[in-house]
């Protein structure tokens, strides 16, 4: 009997996305285009994912984080799709083609920015977002691209215009996803706070990552830490994600410490400077996926297959029409 048939715990595609950080569109694209992570199907055709599928996703993520293109992953996967797949794997030497995978995409994005070509920029980001989870894109694409773009623009007379244009394009992309979740989710929004004057891409990438893990949130900018208490009290937020800034004064640091101690909410420092600021404040540092698990946001409910009659009992919510959504999302493939 197939290993998958012996699974006792099953997840819907939405819950599998929450558990792994790989969105449903990407999971469907992996299956349809590359034959990866083929799920069990209910009699009505809905996808169900067991622990063996999650293990295969973890192994795929390992190879993607090594720079292997998604189209080249399948031959590298273990023959047995078991929990052994999540154990540390030996890093193998990458081919020149694999080493240049992200460089080619970054060069394309850079040229799109220099040309103010919104169609090309958004088309490439949409293409890659459909094939790679945000956890891979963040380290392999976004950080090296945005940091490298700064150096590329040094000394150019149009540098300020290009930087402003890029931020606006990325802001529109991130806001579209965030607002769609706000409109479609009854969950009380968390609050993501950025400081005016900080590097805009830091907050945008944090917002994109929260959206990738289906965290319903509002994004606001403030000028001073002292504004936080009033805003959090008025919005009645239970979680506050604060994009850490390294340039806080001693007075602002003290105000922040007082806010964290007195706030009627869980406060987490996030972003590229979070580790440094957390250490200064004596707070523990977690990356966003572990942070979300710790505070219980986005934790998937489990779908159980009854051994008696093989009937599906969904402990979270009724499964929506996956096939209708699949038709809309995957038409481009």
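Structure values in brief
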quantity: Residue match in region 190-211 (condition: under 21 Å from residue 263 (Cα atoms) and in a helix (DSSP H, G or I)); calculated: no
quantity: Pair list, Cβ < 8 Å and 6+ apart or interchain, from region 243-260 residues that are within 14 Å of residue 222 (Cα to Cα) to residues that are modelled with pLDDT under 85 and surrounded by fewer than 11 Cβ atoms within 10 Å (Cβ to Cβ); calculated: none
quantity: Breaking point among (1) at pLDDT below 90; (2) farther than 22 Å from residue 296 by Cβ; (3) not in a helix (DSSP H, G or I), for residue 183; calculated: (3)
quantity: Residue that is under 29 Å from residue 17 (Cα atoms), in contact with a strand residue (DSSP E or B) (Cβ under 7 Å, 6 or more places away or on another chain), assigned to a helix (DSSP H, G or I) and free of Cβ contacts under 8 Å to residues at least 60 places away in the same chain, where the choices are 178, 173; calculated: 178
quantity: Enumeration of residues in region 16-45 that are out of contact with any strand residue (DSSP E or B) (no Cβ under 7 Å at 6 or more places or on another chain) and part of a loop (DSSP other than H, G, I, E, B); calculated: 21, 22, 23, 35, 36, 37, 38, 43, 44, 45
quantity: Top-ranked residue in region 186-203 [being farther than 15 Å from residue 269 by Cα and touching a strand residue (DSSP E or B) at 6+ places or on another chain (Cβ under 6 Å); ranked as modelled with the lowest pLDDT]; calculated: 196
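The values are calculated or read from the model by the stated rules, or taken from the named source; none is laboratory data. Here the structure is a predicted model, which is why all the values come from computation and not from measurement. Note that each Cβ is placed from the backbone with ideal geometry, even for glycine, and that neighbours are counted across all protein chains shown.
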